[in-house]
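What follows is one structure encoded as structure tokens, with my remarks underneath.
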Amino acid sequence: MAADSDTTAGGGDGEIVTDVVIIGAGPVGLFAVFELGLVDVKCHLVDILGKVGGQCAELYPEKPIYDIPGLPIVSGQELTDRLMEQIKPFGATFHLGERIDGLARRADGRFDLTTDAGKKFNTRVVVIAAGGGSFTPKRPPLDGIEAFEGKSVFYSVRKMSEFMDKDVLIVGGGDSALDWTLNLQPIAKSVTLLHRRDEFRGAPHSVEKMRALVAEGKLRLLIGQVTALHGTDGWLEDAIVKTKDGEQKLSVNALMPFFGLTMKLGPIADWGLHLEENLIPVDTEKFETSEPGIFAVGDINTYPGKLKLILSGFHEAALMSQRVHKYVYPDKKLMFQYTTSSSNLQRKLGVK
Amino acid sequence: MAKITFIQPDGSQQTVEAKTGMTVMEAAKLNDIAGIEAECGGACACATCHVYVDAAWREKTGKPAEMEEDMLDFAFDVRDESRLSCQIKVSDAIDGLVLRVPSKQF
Ligand SMILES: Cc1cc2nc3c(=O)[nH]c(=O)nc-3n(C[C@H](O)[C@H](O)[C@H](O)COP(=O)(O)OP(=O)(O)OC[C@H]3O[C@@H](n4cnc5c(N)ncnc54)[C@H](O)[C@@H]3O)c2cc1C
Ligand code: FES
């Protein structure tokens, strides 16, 4: 690699050649950009979520955190926003809405990474900052639902046209449920929106639009819950819905449940890494895994005394970066410096 | 101080003692009550501490606040008597409380 850490798009077949790929853009992945940036290492970040901030942004954006040093109270979203501001000078590249599925070591010792969208990275170092794993849609605990998934039960939409002649049942009361109700209503044969109560968390203008369609008779709104699914070979035929008036059978052939997201380890389990109870053991000097060149920081790692705190993840990112510097610049000596007094660091931060 | 009884879907019961000021979820976790998962640790952000409040106790435990109602949207088989146990504070007033644990927490 050239003297200065950099990334080039377009090695063989459009792969992205880089020094570091960070898997996960939670608070720890974001702060890793800062610490790596201080030692001149540029990064690509990949996250399956469509936004940055990991748990802080997805699970508790508006709730207060009280144990970030120097910030007596900060919300999950505000911490995310401040981290984004802090790492801005380092120009990391974000690949959101994509999951890293494949990780394999190349003959030359570097790594090949692939995303579910088919994007390829060729990288010197991998930093796994995957927290509790990939955010994935929650599966309603309905008996036999697995058999319908992919054929008649969908947690996201790839091609709207696939719903053209379907009777669709959408369950939920947030923005995803409302957005897909509004998007599919003009296309599908029929759309029924089912929610447990007659109040919706989604954006007020979507709720208004939805109610207008119901008033025009173009959309059916039911207040209740699904209790069972029936069909054959994965093809849904009807859903049993419990409402105030008792149970009723709805003839539907597509179901879209929106019950929020949960974290699942996901593809990380397939990368040949040593795992302990779904966590990646690391040393506490460099936070490197059993595979040299692959690091793990934040909630995803484990070591004696590990605490799943944002603050601990930040510390891990700082120490990890020192070792990554050696991989990227084997011949350069790293001098310990303070951001307060080092003109070199201040130049990188764009404050001098 | 309050005694709280948890009834499992199979009918088995467990009564635990809870200190005033803690939450019912915390009392359940301290006593390893099955079926109370509480993945988010009581932040009203996961809905896996869902319980059904016995009819006799619904008035004393009160209604869920708006944030809790929103989070109950993510629970399974929600009923009028549904609450998130991390949002019920223990006090002398709920001494004797009876709760049912749902068959599934998602
Ligand atoms: C309700 C709640 C309150 C909390 N309060 C506090 C608190 O007060 N103080 C505190 O210190 N901590 C708190 N925490 C914990 C804190 O949020 C976590 O420690 C922190 O988010 C961990 O950061 P992370 O970057 O390691 O992982 P995460 O925030 O979990 O982010 C990991 C990201 O990686 C992504 N990912 C995983 N695998 C892949 C893959 N294969 N491909 C692409 N993307 C992938 C995930 O989608 C996710 O976005 C709280 C947590 C919760 C749920
Ligand atoms: S413990 Fe997560 S909502 Fe109660």
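For region B:44-67, the tally of residues that are of a type in the set (A, V, I, L, M, F, W, C) and either in contact with a Phe, Trp or Tyr (Cβ under 6 Å, 6 or more places away or on another chain) or not in a loop (DSSP other than H, G, I, E, B) (or both) stands at 8.
Being among the polar types (S, T, N, Q), touching a residue at least 24 places away in the same chain (Cβ under 8 Å) and closer than 30 Å to A:Gly76 by Cβ is a description that does not apply to B:Thr5. In region A:72-94, which residue that is surrounded by 13 or more Cβ atoms within 10 Å (Cβ to Cβ) and of a type in the set (A, V, I, L, M, F, W, C) is nearest to the chain's Cα centre (by Cα)? If we take residues in region A:72-94 being surrounded by 13 or more Cβ atoms within 10 Å (Cβ to Cβ) and of a type in the set (A, V, I, L, M, F, W, C), then A:Phe94 is nearest to the chain's Cα centre (by Cα).
Within region A:33-54, being among the β-branched types (Val, Ile, Thr) and out of contact with any Lys or Arg (no Cβ under 6 Å at 6 or more places or on another chain) holds for A:Val33, A:Val39, A:Val41, A:Val46, A:Val52. Of the set (1) within 13 Å of ligand 2 (Cβ to nearest atom); (2) at pLDDT 95 or above; (3) outside any loop (DSSP other than H, G, I, E, B), all apply to B:Leu99 but (1).
Going by what's in this entry, would A:Leu255 be described as buried (at least 17 other Cβ atoms within 10 Å of the Cβ), touching a helix residue (DSSP H, G or I) at 6+ places or on another chain (Cβ under 6 Å) and not basic (Lys, Arg)? No, not satisfied. Restricting to region A:280-292, count the residues that are surrounded by 18 or more Cβ atoms within 10 Å (Cβ to Cβ) and either touching a helix residue (DSSP H, G or I) at 6+ places or on another chain (Cβ under 9 Å) or outside any loop (DSSP other than H, G, I, E, B) (or both). So the count comes out to 4.
Residues considered: A:Met210, A:Met160. Of these, the only one that is under 29 Å from the mean Cα position of the chain (by Cα), loosely packed, with under 15 Cβ neighbours inside 10 Å and not assigned by TED's automatic domain parsing to the domain that holds A:Leu59 is A:Met160. Please indicate, with yes or no, whether at least one residue in region B:80-89 is over 11 Å from the mean Cα position of the chain (by Cα), away from ligand 1 (no atom under 16 Å from the Cβ), modelled with pLDDT under 95 and more than 30 Å from A:Lys264 (Cβ to Cβ). Yes, region B:80-89 contains a residue that is over 11 Å from the mean Cα position of the chain (by Cα), away from ligand 1 (no atom under 16 Å from the Cβ), modelled with pLDDT under 95 and more than 30 Å from A:Lys264 (Cβ to Cβ).
Checked against the criterion of being within 14 Å of chain B (Cβ to nearest Cβ) and under 18 Å from the mean Cα position of the chain (by Cα), the candidates A:Gly102, A:Gly133 yield just one match: A:Gly133. Can you find even one residue in region B:30-41 that is within 13 Å of the chain's Cα centre (by Cα), within 23 Å of A:His195 (Cα to Cα) and within 14 Å of another protein chain (Cβ to nearest Cβ)? No: zero hits.
The values are calculated or read from the model by the stated rules, or taken from the named source; none is laboratory data. Everything quoted here is computed from the prediction, not taken from an experiment. All Cβ positions, glycine included, derive from the backbone under ideal geometry; neighbour counts span all protein chains shown.
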